[in-house]
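Let me begin by presenting the structure, written as structure tokens, before commenting on it.
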Amino acid sequence: MSPLQICLAFSSALFAVGLAGALARSNSILVLLGIELMLNAANLNLIAFWRFSPHGSPSTGVVFVVFAIAVAAAETAVGLALVISIYRHQQDIRLEEATRLKG
Amino acid sequence: MEPLVAYLWVIPALPLAAAAVGAAAPRGARRLAAGAAIAAMIGALALSSLALARTLAAPAAHQYYNFSWFDLGNGAVRLGWLLDPLNALMCVMVSLVGLLIFVFSLGYMRGDENFKRFFCFLSLFAAAMLCVVVSNSLLLLFIGWELVGLASYLLIGFWFHRPAAAAAAKKAFITTRIGDLGFLIGLVWLYDATGSLLLYDGGNGFLESHALGDLATQVLAGGLAVPTAISLLIFCGAVGKSGQFPLHVWLPDAMEGPTPVSALIHAATMVAAGVFLVARVFPLFSADQELAAAPLRALTVVAGIGAITALMGAAIAAAQNDLKRILAFSTVSQLGYMMLALGVGSWVAAIFHLLTHAFFKALLFLAAGSVIHAVHHEQDIREIGGLSSRMRTTFATFAVGMMALSGVPFVFSGFWSKEAILHAASEWGPSRLPLYAGLAGVVLTAFYMTRLLCEVFWGPARSPAASHARESPAVMTVPLVVLAIGAVGLGFLGTPAWPWLQSRLTGAEVPARPLLDGGALMALSVLLVAAGLGAGWALYGRRPRATATAADPLAAAAPRLMAFLAARMRLDELYAATLGRLNDLAAALADVLDRWVWGGAVGLLARLGEFVGLLNREVDEVGLNTGFDTVSEEIRRAGQAYSRAQTGEAHGYLRTLALAFVVLALLVLFGGGR
């Protein structure tokens, strides 16, 4: 396998792990963790394509990823704030109990 | 390029790997976690010793290995490893003292159910500190620096179910963060001014004459030189980490952690980081010394803060009753001495004292841990008493540590390193005050250590636990003995007659002076030590405390002063009343702004929208409604059906997303869509 393929295989595995975590866990913090894993798998893809592409310039792959990481950090902050307020409401952070938004 | 320096990263990586093993191992794997941690420290110690041996062959050379982390824009962020006698000595000290503390913890933490987690955190702590030590880039150093902060948070709050421990951990983290903010700003400014955060880089590192010379010519408004400002910002970080006045308040509270952690924080790792940082970038701090008309020089501030801290810590330590708190304030005071030495320009004396202090303070803390372990976690010295006959090894080693810290002449290491600092302070031009503060601290240090020794080990046992105390097992006493040997022997590496350490650290041969050079000063400090020991003996040793509630002779003589000192000069209360109040006020202000100003504006807009809506509705009701009613009824019904898909269960959504993603992937792969 070429290095690119190894990277892609690794990021697919990481994505699968994150997806499994997000789907299987009921603790919403762990679901957030799973989502972060998937996001990082996507970041890894960006980096890998940048690194192994013939005309990679630093302003493409790396900048994308740095932006994605910054956005992910903000998103996690919002997510954790949501978890805290859910906890305040129902004294519990299990996701299946947080069903107030149903139509 | 010397091959060894390129592999220097292995030294911090080994304990880091041990921490990973500890984190991944199941909860019951106590032997695995502890074994991995200790094996990693032995490995790090061996490598550090090898590095030390290699660098001592050519002490003047700074060997480094730089590499590019990532490219961004036109520049690259570069990191690197550095090897010179200062780094190598620190590495050996950290890994050796760390190793002994790890071994001691085997005994001390044996009964704790979170034994595995403890060793995982200890390894992380050691890894972070070693990363600080070996890095050739201030950025990498900062990363390790923050990891040290994180690990200390985890360890101080190790018994987090106790509210005091949780609060102490938070306090340590937040207080050091205040200093770290200054450090970070200093870093950014430095990068802006010199274009590099590497210490040494073939002439382009910011510690080398090329960049430093450029820097020293830049002057801010008010005549303040740029290197002075940057140095002071970086010094903020050192003040926070090394427990200097006014950010020392976290250090005594950090005693809430297990005793081996206190030993690690106070001796080998965390507080040493600040002193090490200033010594490491010393050329930057002294860059403004050559300027003719500087309103403020960075080293003057360092010396002043150090002198204040040395005196204040020693004074407060004399009035405390908690065994570990006395040692904590003594650390604050000794760190003040180190900063004082840095400030008066003798970074070699500071590092010498740092190394000897690491040994005797680790010894004192571990011996205190042995006492606390034996008397079932009683820490009030008034409640202990009479242990000298029951715990002979602990008593003997504690006495060695106490004499080294007090600076008992000629045999103990603390004497030589303290002499080196006082000697440097006496030669400092700008002011004599640091010297006087140092000398006053010498009396106080000898006094409070004598008091501690007398109260804990002499007199009658004043509680049931103390009368049934038994000597700790060998796994705890052997590290004590090893540290005691270090606390005695290390001093002979840096006596005036044979300045081995000084020559190696500076890389230039330091001429030997007569052993008793500066005899008057030395005689004075010996006299002061004797006075302190004598006063302590007269007050606490001659007639030992009989019961736990008997009044302290000093507190009886000067109740107000002693109460003030016992309350730690009321600095915590002062901070709560000023900074804490300020923070509350700002929060209240933000609340009012949010509620009334922004909330009012938004409310106004909402009212406006409501009004427009009302108007609209009237038009709709009259003009358009009837025709649309049937259509909208259909849409409503469809929406109702559709809304059943909105179960409110986030997992259901996630599952649908995942399924759709798979279908999409299959379509792209096999559907011929490309």
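The values are calculated or read from the model by the stated rules, or taken from the named source; none is laboratory data. Because the structure is a prediction, the values reported are computed rather than measured. Heads up, the Cβs are rebuilt from the backbone with ideal geometry, glycines too, and the neighbour counts pull from every protein chain shown.
Only one entry of B:A512, B:A535, B:A555 meets the criterion of being modelled with pLDDT under 80 and within 30 Å of B:E383 (Cβ to Cβ), and that entry is B:A555. Out of segment B:38-65, which residues are crowded, with 20+ Cβ neighbours inside 10 Å and among the β-branched types (V, I, T)? Of everything in segment B:38-65, those that are crowded, with 20+ Cβ neighbours inside 10 Å and among the β-branched types (V, I, T) turn out to be B:I38, B:T55.
For segment B:624-664, the set of residues classified as within 14 Å of another protein chain (Cβ to nearest Cβ) and small (G, A, S) consists of B:A638, B:G639, B:A641, B:S643, B:A645, B:G648, B:A650, B:G652, B:A658, B:A660, listed by residue number. Could you grab me the full set of residues in segment A:33-48 that are within 11 Å of chain B (Cβ to nearest Cβ) and within 22 Å of A:A77 (Cβ to Cβ)? Matches in segment A:33-48: A:G34, A:I35, A:M38. Looking across segment A:78-93, the residues that are within 14 Å of chain B (Cβ to nearest Cβ) and among the hydrophobic types (A, V, I, L, M, F, W, C) come down to A:L82, A:V83, A:I86, A:I93. Annotation note: of B:V302, B:V275, the sole residue that is in contact with a Ser or Thr (Cβ under 8 Å, 6 or more places away or on another chain), of a type in the set (V, I, T), in a helix (DSSP H, G or I) and within 18 Å of B:V332 (Cα to Cα) is B:V275. A Cβ distance below 6 Å, combined with a sequence gap of six or more or placement on separate chains, defines the contacts here; from segment B:447-461, residues that are within 14 Å of B:R542 (Cα to Cα) reach residues that are basic (K, R) in the pairs B:G459/B:R545. Scanning segment A:13-32 for residues that are part of a helix (DSSP H, G or I), in contact (Cβ under 8 Å) with a residue 12 or more places away in the chain and at the interface with another protein chain (Cβ under 9 Å from one of its Cβ atoms) gives A:L19, A:A22, A:S28, A:V31. Consider B:L16 carefully, then state whether it is in contact with a Ser or Thr (Cβ under 9 Å, 6 or more places away or on another chain), at pLDDT 80 or above, over 12 Å from B:S123 (Cβ atoms) and of a type outside the set (S, T, N, Q). No, not satisfied. Residues that are within 14 Å of another protein chain (Cβ to nearest Cβ), touching a Pro at 6+ places or on another chain (Cβ under 9 Å) and either closer than 16 Å to A:N27 by Cβ or of a type in the set (A, V, I, L, M, F, W, C) (or both) within segment A:49-72 comprise just one, A:W50. The residues in segment B:230-249 that are at pLDDT 85 or above and surrounded by fewer than 24 Cβ atoms within 10 Å (Cβ to Cβ) can be counted, and the count is 3. All of A:E75, A:E96 fail the test of being within 12 Å of another protein chain (Cβ to nearest Cβ) and assigned to a helix (DSSP H, G or I), apart from A:E96.
Would you tally the residues in segment B:640-661 being assigned to a helix (DSSP H, G or I) and either surrounded by 11 or more Cβ atoms within 10 Å (Cβ to Cβ) or among the aromatic types (F, W, Y) (or both)? The qualifying residues number 12.
Go through (1) outside any helix (DSSP H, G or I); (2) closer than 24 Å to B:L82 by Cα for B:I234 and report which single condition fails. With respect to (1) outside any helix (DSSP H, G or I); (2) closer than 24 Å to B:L82 by Cα, B:I234 is out only on (1). What about B:L667, is it more than 14 Å from every other protein chain (Cβ to nearest Cβ) and either within 30 Å of A:I86 (Cβ to Cβ) or assigned to a helix (DSSP H, G or I) (or both)? When the stated conditions are applied, B:L667 passes them.
Counting only residues that are crowded, with 24+ Cβ neighbours inside 10 Å, in contact with a Gly (Cβ under 8 Å, 6 or more places away or on another chain) and part of a loop (DSSP other than H, G, I, E, B), segment B:363-406 holds 1 of them. Only one entry in B:R570, B:R560, B:R581, B:R595 is charged (D, E, K, R), without any contact (Cβ under 8 Å) to a residue 12 or more places away in the chain, over 19 Å from B:L453 (Cβ atoms) and surrounded by fewer than 10 Cβ atoms within 10 Å (Cβ to Cβ), namely B:R560.
Here B:L124 meets the list (1) farther than 23 Å from B:L50 by Cβ; (2) surrounded by fewer than 24 Cβ atoms within 10 Å (Cβ to Cβ); (3) of a type in the set (A, V, I, L, M, F, W, C); (4) in contact (Cβ under 8 Å) with a residue 60 or more places away in the chain almost entirely, failing just condition (2).
Among the conditions (1) modelled with pLDDT under 85; (2) touching a Phe, Trp or Tyr at 6+ places or on another chain (Cβ under 9 Å), B:R462 misses just one, which is (2).
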